[in-house]
1. Only one of A:VAL246, A:VAL275 is of a type in the set (Val, Ile, Thr), touching a Lys or Arg at 6+ places or on another chain (Cβ under 8 Å) and under 28 Å from B:ARG101 (Cα atoms). Can you tell me which?
2. Could you list all residues from segment B:304-318 that are buried (at least 22 other Cβ atoms within 10 Å of the Cβ) and assigned to a helix (DSSP H, G or I)?
3. Listed residues B:LEU291, B:LEU285; which is aliphatic (A, V, I, L, M) and either open to solvent by 30 Å² or more (accessible area, probe 1.4 Å) or touching a Ser or Thr at 6+ places or on another chain (Cβ under 7 Å) (or both)?
4. If you scan segment B:44-79, which residues turn out to be more than 20 Å from the chain's Cα centre (by Cα) and of a type in the set (Val, Ile, Thr)?
5. Looking only at segment B:8-39, filter to residues that are more than 27 Å from B:PRO217 (Cβ to Cβ) and polar (S, T, N, Q); which one of those is modelled with the highest pLDDT?
6. Those residues that are open to solvent by 20 Å² or more (accessible area, probe 1.4 Å) and within 20 Å of A:MET279 (Cα to Cα), I need them from segment A:195-212; list them, please.
7. Name the strands (runs of 3 or more DSSP E) wholly within segment A:3-81 that hold at least 3 residues that are over 23 Å from A:ASN158 (Cβ atoms) and among the β-branched types (Val, Ile, Thr)?
8. What residue, among those in segment B:319-353 that are at pLDDT below 95 and assigned to a loop (DSSP other than H, G, I, E, B), is nearest to the other protein chains (Cβ to nearest Cβ)?
Number of protein chains: 2
Amino acid sequence: MNPVTVNVSLAGQRGYPVQIGPGLLGELGGFVAGLGSVSRAAVISDSTVAELYGAAAVESLRSAGLAADLLAFPAGEANKTLARFAGLFDGLFALDPAVDRSSVIVALGGGVAGDMAGFVAATALRGLRWVQAPTTVLADVDASVGGKTAVDHPAGKNLVGAFHQPRGVLIDTETLRSLPPRQVRNGLAECVKHAVIRDAELLDWLKRFAAPLAQTPHAPQMTELLARNVAIKAAVVESDERESGVRQHLNFGHTIGHAIEAAAGYDQLLHGEAVSLGMVAAMHLAAGRGLIGSEDLRRVERLLSGLDLPVRRAGLDFDALWRIMLHDKKNRAGRVRMVLPVRLGAVEVFDDATRGELAAAVSRLAGERSDTDPDA
Amino acid sequence: MNPVTVNVSLAGQRGYPVQIGPGLLGELGGFVAGLGSVSRAAVISDSTVAELYGAAAVESLRSAGLAADLLAFPAGEANKTLARFAGLFDGLFALDPAVDRSSVIVALGGGVAGDMAGFVAATALRGLRWVQAPTTVLADVDASVGGKTAVDHPAGKNLVGAFHQPRGVLIDTETLRSLPPRQVRNGLAECVKHAVIRDAELLDWLKRFAAPLAQTPHAPQMTELLARNVAIKAAVVESDERESGVRQHLNFGHTIGHAIEAAAGYDQLLHGEAVSLGMVAAMHLAAGRGLIGSEDLRRVERLLSGLDLPVRRAGLDFDALWRIMLHDKKNRAGRVRMVLPVRLGAVEVFDDATRGELAAAVSRLAGERSDTDPDA
């Protein structure tokens, strides 16, 4: 199967291609060398992915005639810190031949590796070119578009970072073979989100094809799925690169989802699982306002359930969630900003979700499933 | 005396004003509030300047109705580190009310404070607005234009940073009262550099007015001098924001100067003192090529001497300087890139300075002064 290319075009900047298909890691060297005037490359990865694919990435770069080395940091969100960021520079500036302005950083791995490596690229010598080689479905459909890079701070996630667009993204679907099914579903949750905010027809596609992908994520359908989702995210980001307007649509499911994720502790729920719950709650809120019908809600809920993503969760402490949501800078005077569907495939931003509405929506997560609940 | 404003215009970005005059620190609050939608400000300064002017800056901001706090780090280039950078975020994210995307960072101090605070602004929440309030002549004429921010790494100076343009620069010439004369001269060396690369008439002005400014840096002539120099640097940067072309002209005196500074250790020579020596050596090299006449060289040398800036230095180890210059990424195959005057007020970039030429030029720094040396 030939790779598919989605082009990301950004105002006032050069666009870049997102290439998707099996075996693309072997094309990494040619792609990087083709950027022109490249002296050397440095691959930055987490320890898990470095062991699986680090040698292949370096080998591809060297085969293209580039000096290339691998820098790894310990895997896990707990290591997305300023201290590890500083440690990567110790490795980067010790390389021989030395890094200079013509060097290229390659981010190899999931979201954490992409955020870390991208932030290194954004700041090494005040900005080096970089290429992303994501290896998780979540990173493929989410982190590969938008140019967001960051590390966490004890005060919150992604508080220190930069916008820095890559020169290209190579998504090798073969690397998904090593991804556990739960991690595949973690990314599929964001695909459902994209469908709800922009593409109702994608809901049908997901219903037909997505469930088996958790077991065979390297199947040809994955290339099509990733391409559709990258295209949706690219269209949103292109229209609003700095997040002031419609880019907020990408936060659908994330207001309540983030709160659930934070309250549970980040080692309890995967991001996509929390977003799945957040989308269900947001749709309850939207249905309560009459923006969508209960059949719309049930349709999305059945899809999520069919993908083994959570749509119910017992024991949620609404007061704790409320405090987290109010702490968000976008929420003022006791009202919470929510992205809500106005029909399947279209959302709008509302600044006025009340405590009562949110409490009611979250309480639905503890109840019976809507697909058996005529009152939903 | 009314403040003078020089506008910096950058392609594809909003420009910003550099205001220069006595008492402008008192206008800081009004200026920051006038940026619009500002929730709070955080003043970042080094410990020395924080003690002198931190309270005045915070008071001005609060008088304008803004939440404002002062964050200080220990003074000195040795503290321009990733570790201190991380420490500033600990303070920043502990502020109450909290920092959000509408917050503004104020950089108060010399070059180190500007570089640190600017890099915090570039990366906090992926980029906050910032305003510079420089308090040294060197920062006034150099760091206030260009948007360069950075911290050092053990492998070299300014290796980790970002380009991040400020929303404005307020240069309060009254803050120069506390600046030691040697530090004033440190900045005047960069003024001489600007004159040689772009404005021969400024050499006359400096000869007439500059020497007394080392003792009375708050005198009205300083406002004129700073405005002329900011305008020169702005014109260069505007034409070449990312340093690929004519912005290299600002490196006049810096190739050999940086090498002398690094070889001496950064606590021995001030930056401007090393640049003074570097300019003299570069002009010897230019004279050796017949690009300028010996009278041009003597004229600049007399000016520097009159400002008590060094034009001779005994005991330089050329082999050590050569190794440092070759290590620079711009220098390949044993040839060194040099910015050389082709007449007073105009320079060009040459990629072919040889070891022999450089050795001869550096050897002149150990000799008699050119103004008593007819063979110069």
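1. Checking each option against the conditions leaves just A:VAL275.
2. Answer for segment B:304-318, where residues must be buried (at least 22 other Cβ atoms within 10 Å of the Cβ) and assigned to a helix (DSSP H, G or I): just B:LEU304.
3. Checking each option against the conditions leaves just B:LEU291.
4. B:VAL58
5. Residue satisfying both the conditions and the ranking: B:SER37.
6. Answer for segment A:195-212, where residues must be open to solvent by 20 Å² or more (accessible area, probe 1.4 Å) and within 20 Å of A:MET279 (Cα to Cα): A:ARG198, A:ASP199, A:ALA200, A:GLU201, A:ASP204, A:LYS207, A:ALA211.
7. A:4-8
8. The extreme case among them is B:LYS329.
The values are calculated or read from the model by the stated rules, or taken from the named source; none is laboratory data. Here the structure is a predicted model, which is why all the values come from computation and not from measurement. Glycine also receives a Cβ, built like all others from the backbone with ideal geometry; neighbour counts cover every protein chain displayed. These area figures cover heavy atoms from the full protein model, side chains too; ligands, DNA and RNA do not enter into them. Shrake-Rupley method; radii C 1.70, N 1.55, O 1.52, S 1.80 Å.
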